[in-house]
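The numbers here are math on the coordinates, done by the rules we state, and not lab data. Predicted, not measured: the structure shown is a model, and the values here were computed from it. Here the Cβ positions follow ideal geometry from the backbone for every residue, glycine too, while neighbour counts run over all protein chains shown.
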Amino acid sequence: MAIRITLDMFSGLPNPQVVVDGDQANEILRRLRPDSELGLSERLPAPVSVLGYRGVIIEQLDRKVRDLPSTFRVANGHLIGEGLRHSPRDEGVEDFLCSPTGPFRPLQLPEAAWIDIRKQILSYAKLRQEWPRRPPRESRRRRCECAPLYEPAWWNNDLNRLWHNNCYNYSTNYRTDTFAQPGRASGVTHNVTCPTTTPAAVADGLINTPGPKNRCPREGHLVALVVYPTTAVFRDYHWYRKGRNGYWTHKPGGTPATNVDNGGNLISDPRTANRGPYTIFCTFMVVMHGHIKLR
Amino acid sequence: MATSSSGEPTRVEKWRGGASVYSGRPDPEWDVDQVLVKRLLEMWEQLEQWHGPPPQPPGLGYRGVVLWSSERKRFSAYEGAVKLTAGNSVLVRRDTGRDFERLILQSAPPNTLPPFVAGAL
């Protein structure tokens with residue numbers, strides 16, 4: 001009898017994980033066996049796509065015990081998994097699993113780590129209480145049927161694509177792996193101002209459309225140009241694109257594509273979004289798919 | 001940072017620094033001298049492990065500094081967390097006073113960094 005126990009808490013780093021077998025595994029499973037069924041008010045959703053502690057995952061690696069599925073989670077004092085809506089037989093088992101004397105002891109995590117884990121467990125308990133019973137829905141926005149979908153994984157999960165395609169690539173949905181610059185494909189230069197960068201993009205095939213008032217075009221999709229206004233040597237520009245669900249997204253340089261602004265909010269209008277130092281809004285433009293060339 | 005083995009030429013690991021600041025134009029990069037690199041590597045060895053998710057920079061504006069080598073090691077530092085990526089290995093450590101980050105920023109040649117970086121540290 002062997003079980004893998006994972007402290008599910010990290011985002012970038014691998015989670016702490018141990019495998020225990022024999023008597024130790026038997027004892028832990030005994031303590032985890034389902035006891036009383038949770039009341040209706042206790043059957044809270046178990047948010048798993050949150051940052052910080054999310055529970056302890058138990059995987060039964062060989063012979064499975066009766067009453068417990070192959071993989072399940074204990075979080076906030078509740079068992080969560082297929083067929084499980086119960087408290088564990090031992091109410092203190094989660095505390096034991098997350099303690100320095102528990103199964104993670106061989107990892108020799110420092111005391112500060114355990115203190116941090118305790119804080120996160122308390123935060124998770126609070127989060128679980130406050131988690132909405134239904135997933136939050138974006139407010140209904142008019143769909144832009146011709147606009148690209150928001151697919152951050154495609155832009156972000158390949159390092160070459162991530163690092164070598166900038167806001168201009170992303171907003172036009174045109175990958176070049178050259179960190180494309182407005183006008184470069186057409187031999188037109190600009191000095192990173194609205195009056196010069198706009199025609200440089202027009203030379204690449206974008207259509208300057210200053211007056212659409214954030215509405216979806218009938219064909220193609222809408223992008224927006226903003227500028228960081230400072231001395232020439234440091235000026236920079238940034239682009240957003242309006243997606244199929246009506247919200248705007250962007251990709252700052254070689255960093256990941258995102259659907260939130262600098263304040264962490266969804267972007268309904270780049271003119272009013274939190275743009276950090278890019279305070280000048282230049283114009284909207286339309287990208288007709290297949291009609292542009294970037295380099 | 002010379003490496004050598006018998007019969008092979010000596011290789012010097014070259015390091016470059018950079019700041020993640022721009023969106024449209026490429027980010028600034030510069031050479032970092034070996035004395036500073038040595039100091040930074042020694043500093044890295046003293047840093048404690050970071051626990052939990054590191055701070056996430058905003059989309060636009062200053063997003064931290066990077067230091068990378070010709071041997072494919074890459075440090076990135078932002079708001080008290082330093083991440084080292086080497087091959088498939090990723091380590092994150094705590095840079096409590098942001099000293100690691102500050103040293104890399106200060107190594108940038110004059111007139112390399114945009115004004116908004118000044119308020120970042």
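Here are a few things to note about the model shown:
- Gyration tensor verdict on the range A:146-222 (Cα atoms; rounded if a/c is under 1.5, prolate if a/b is larger than b/c, oblate otherwise): oblate
- Among A:Met1, A:Met285, the ranking by other beta carbons within 10 Å of each residue's beta carbon, starting with the fewest, stands as A:Met1, A:Met285.
- Unit charges on C-beta of K, R, D, E only; dipole of chain B, Debye: 200
- Using alpha-carbon coordinates, inclination of helix A:194-203 to the longest axis of chain A, degrees: 90
- Legend: mean number of C-beta atoms from other chains within 10 angstrom of residue C-beta atoms, peptide B:49-57, equals 6.
- Legend: ranking of residues A:Thr255, A:Thr101 from fewest to most surrounding C-beta atoms inside 10 Å; resulting order A:Thr101, A:Thr255.
- Gap separating the Cα centres of the range A:224-295 and the range A:140-175, nearest whole Å: 12
- Lysines whose Cα lies under 22 Å from that of B:Lys73, excluding same-chain neighbours fewer than 8 positions away: B:Lys14, B:Lys38, B:Lys83
- For chain A, taking a cut-off of 4.7 Å between Cβ atoms, the unpaired cysteines are A:Cys98, A:Cys146, A:Cys167.
- Rounded, prolate or oblate (a/c below 1.5 giving rounded, otherwise prolate when a/b exceeds b/c) for the range A:224-295 by Cα gyration tensor: oblate
- Between the helical axis of A:22-32 and the longest alpha-carbon principal axis of chain A there is an angle of about 80 degrees.
- The lysines whose alpha-carbon is closer than 30 Å to the alpha-carbon of A:Lys293, local same-chain residues fewer than 8 away aside, are A:Lys213, A:Lys242, A:Lys251.
- In this rough spin-label picture, where each label sits 7 Å from Cα along the Cβ direction, the A:Asn274-A:Arg43 distance is 3.8 nm.
- If you plug the beta carbon distance of A:Phe96 and B:Asp99 into 1/(1 + (r/R0)^6) with R0 = 45 Å, you get a FRET efficiency near 0.70.
- For the pair the range B:63-121 / the range A:95-112, the C-alpha centres are spaced 32 Å from each other.
- Vicinal HN-Hα couplings computed from phi for the range B:13-29 (Karplus, 6.51 cos²θ - 1.76 cosθ + 1.60; Hz; Gly/Pro x): 6, 9, 10, 10, x, x, 10, 8, 9, 9, 10, x, 7, x, 5, x, 9
- If you wrap the tightest convex hull around every Cα atom of the protein assembly as shown and split its volume per residue, you get 195 Å³.
- Sorted by Cβ density within 10 Å, fewest first, the residues A:Cys167, A:Cys194, A:Cys98: A:Cys194, A:Cys98, A:Cys167
- Residue mean of other protein chain beta carbons inside 10 Å, B:16-23: 5
- Principal-axis tilt of helix A:111-130 within chain A, Cα atoms, nearest 10 degrees: 80
- Take every pair of alpha-carbon atoms less than 8 Å apart whose residues are at least six positions apart; their mean separation over the length of chain A yields a relative contact order of 15 percent.
- Dipole axis of the protein assembly as shown (+1 Lys, Arg; -1 Asp, Glu on Cβ), positive-most option in A:Ser87, A:Leu7, A:Val286: A:Val286
- Whether the range B:1-114 is rounded, prolate or oblate, judged on the alpha carbon gyration tensor where a/c under 1.5 counts as rounded: oblate
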